[in-house]
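This report refers to the structure that appears directly beneath it.
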Amino acid sequence: MSALDAARAELALAVLYLNKAEARDKICRAIQYGSKFLSNGEPGTAQNVDKSTSLARKVFRLFKFINDLHGLISPPAPGTPIPLILLGKSKNALLSTFLFLDQFVWLGRTGIYKNKERTELLGRISLFCWMGSSICTTLVEIGELGRLSASMKKLEKELKNSNKYKDEQYQSKLQKSNERSLALIKAGIDIVVAVGLLQLAPKRVTPRVTGAFGFVSSLISCYQLLPAPPKAKTS
């Protein structure tokens with residue numbers, strides 16, 4: 001592959017990535033929390049960027065609650081334990097509620113909905129729902145990692161006389177384990193971000209801490225949305 005072909009392939013992946021509304025939202029989220037980190041809650045340019053980007057992001061999330069509503073009513077994967085099913089459905093319900101209420105927060109922040117006190121109340125309720133969904137996600141990922149670990153150990157015993165890293169099934173499970181570990185880290189970080197936004201521990205989780213954790217969480221989200229690179233052709 002020539003340098004020009006390689007550049008075209010890289011640009012094609014970039015176009016594919018930026019065409020996703022979710023990817024643009026997460027890039028804006030990184031800008032939002034990066035600005036929050038810089039401002040540390042103090043008035044100025046960085047805080048203005050934080051507030052304006054936060055408002056702009058809400059447009060990307062209009063009617064997004066339908067995604068988790070669909071997940072709520074969809075049948076679970078076969079063989080999933082009941083506790084994990086309940087946690088997963090709780091996560092869907094809480095995240096869907098957060099996204100639904102967030103639309104009214106957007107209406108209030110833009111001045112379409114005039115009741116400022118009601119807007120702030122809905123904003124806090126929606127953030128509590130988001131924190132709850134992050135807690136549920138954390139517990140689901142811990143449970144799924146436990147199941148994956150048990151199945152990988154069982155597979156290792158079956159492959160003890162061969163190289164397990166050359167086995168496609170083991171590689172697939174290892175990749176899923178890595179993906180779930182990253183999702184677990186992100187969910188844990190998002191809990192801290194929610195605590196900061198709700199000001200539940202203002203002395204420890206300051207706007208700067210919230211911004212730093214939110215920025216890292218956003219970078220993880222951007223990474224998770226990266227398209228898979230095309231496989232090299234073998235001659």
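Tabulated data
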read-out: Of all residues making up the range 78-88, the number that are surrounded by 18 or more Cβ atoms within 10 Å (Cβ to Cβ) and not aliphatic (A, V, I, L, M); value: 1
read-out: Unmet requirement for residue 227, which otherwise passes all of (1) assigned to a loop (DSSP other than H, G, I, E, B); (2) open to solvent by 60 Å² or more (accessible area, probe 1.4 Å); (3) touching a residue at least 12 places away in the same chain (Cβ under 8 Å); value: (2)
read-out: Residue 75 touching a residue at least 60 places away in the same chain (Cβ under 8 Å) and open to solvent by 70 Å² or more (accessible area, probe 1.4 Å); value: no
read-out: Filter result for residue 107 (assigned to a helix (DSSP H, G or I), out of contact with any Gly (no Cβ under 7 Å at 6 or more places or on another chain), crowded, with 19+ Cβ neighbours inside 10 Å and not small (Gly, Ala, Ser)); value: no
read-out: Flag if residue 180 is more than 26 Å from residue 24 (Cα to Cα) and among the basic types (Lys, Arg); value: no
read-out: Condition met for residue 157 (open to solvent by 80 Å² or more (accessible area, probe 1.4 Å), closer than 20 Å to residue 179 by Cα and more than 26 Å from the chain's Cα centre (by Cα)); value: no
read-out: Residue, modelled with the highest pLDDT, within the range 1-36, restricted to residues that are open to solvent by 80 Å² or more (accessible area, probe 1.4 Å) and closer than 30 Å to residue 63 by Cβ; value: 31
read-out: Sole residue being under 17 Å from the mean Cα position of the chain (by Cα) and part of a helix (DSSP H, G or I), chosen from 133, 149, 172; value: 133
read-out: Any hit, the range 28-43, residues being among the acidic types (Asp, Glu) and in a helix (DSSP H, G or I); value: no
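Table: residues versus (1) crowded, with 16+ Cβ neighbours inside 10 Å; (2) in contact (Cβ under 8 Å) with a residue 24 or more places away in the chain.
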site	(1), (2)
120	no, no
129	yes, yes
132	yes, yes
141	yes, yes
168	no, no
175	no, no
185	no, yes
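The values are calculated or read from the model by the stated rules, or taken from the named source; none is laboratory data. Please read all numbers here as calculations on a predicted model, not as lab measurements. We place every Cβ from the backbone using ideal geometry, glycine too, and count neighbours over all the protein chains shown. For accessibility, only protein heavy atoms count, side chains too; no ligands or nucleic acids. Shrake-Rupley method; radii C 1.70, N 1.55, O 1.52, S 1.80 Å.
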